[in-house]
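Structure record follows, encoded as structure tokens.
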Amino acid sequence: MHLPDGVLDAKIWASLDVVTAGAVGVAIRKVSRKVDQRQIPMMGVMAAFIFAAQLMNIPTPGGPPVHLVGAVLAAILLGPWEAVVVMTAVMSVQALLLQDGGLLALGANVFNIGIVGTFAGYYIYRGWRRLVSGDRGIVSGAFVASWLAILLSTGFVAAEMIASGATPARIVLPVLGITNLFVGAIEGLIVAGIVGFVLRVRRDLVYDAKP
């Protein structure tokens with residue numbers, strides 16, 4: 001769901017650049033105040049994993065390519081603010097070195113994936129854990145949150161494209177919606193599997209999981 005340059009109207013991408021810059025600045029300040037030495041290598045490992053996972057793009061007709069995201073996985077293992085920093089770093093490197101997503105559209109891409117996907121997914125996950133207790137709630141919550149976060153991020157991408165006049169709603173909504181129903185389900189299964197494995201071998205690495 002990395003938008004290239006030239007797709008969004010200038011007013012939209014410029015506004016999202018400003019909003020995203022402010023949000024990422026807040027995230028960096030929060031993380032720098034509370035992060036401990038143990039989390040720093042974890043953030044690096046998570047960034048490397050997500051970077052590799054996002055390189056596997058699936059082309060879609062009438063819309064941007066889709067791929068695994070990893071924002072909810074990062075939030076579950078690191079915390080939401082840490083996940084924003086990780087996702088921003090990943091997408092910035094991809095835009096600068098690989099031209100995966102436009103430089104002018106970087107703010108929109110970070111907003112859609114790194115902010116909306118991270119926080120929406122994390123709080124869906126937290127809400128699910130209140131309904132389903134124990135490790136079952138953590139693992140199933142990871143699946144549900146990852147799936148819904150993909151759909152929410154997709155909704156923002158579609159809305160921005162429609163508002164920019166890039167693609168008609170009758171094309172972009174069904175194409176991205178149907179594609180990401182499956183992509184979100186796949187990501188949910190992967191994230192749930194990873195979280196379940198980490199719970200078994202290193203429970204302390206799952207953010208806010210009770211021992």
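Listing for the model above:
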item: Selected residue (only one of SER146, SER140 is buried (at least 17 other Cβ atoms within 10 Å of the Cβ), touching a residue at least 12 places away in the same chain (Cβ under 8 Å) and within 27 Å of LEU8 (Cα to Cα)); result: SER146
item: The stretch 175-211, residues that are under 23 Å from ALA105 (Cα atoms) and surrounded by fewer than 16 Cβ atoms within 10 Å (Cβ to Cβ); result: GLY177
item: Test: residue in the stretch 121-132 that is touching a residue at least 40 places away in the same chain (Cβ under 8 Å) and either under 20 Å from ALA47 (Cα atoms) or among the polar types (S, T, N, Q) (or both); result: yes
item: Filtered residue count, the stretch 153-174, keeping only those that are in a helix (DSSP H, G or I) and either at pLDDT below 80 or buried (at least 19 other Cβ atoms within 10 Å of the Cβ) (or both); result: 13
item: Test: residue in the stretch 36-54 that is within 13 Å of ALA89 (Cα to Cα), β-branched (Val, Ile, Thr) and without any contact (Cβ under 8 Å) to a residue 24 or more places away in the chain; result: yes
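The values are calculated or read from the model by the stated rules, or taken from the named source; none is laboratory data. None of the values given here were measured: they were computed from a predicted structure. Don't worry about glycine lacking a Cβ; one is built from the backbone with ideal geometry, like all the others, and counts go over all protein chains shown.
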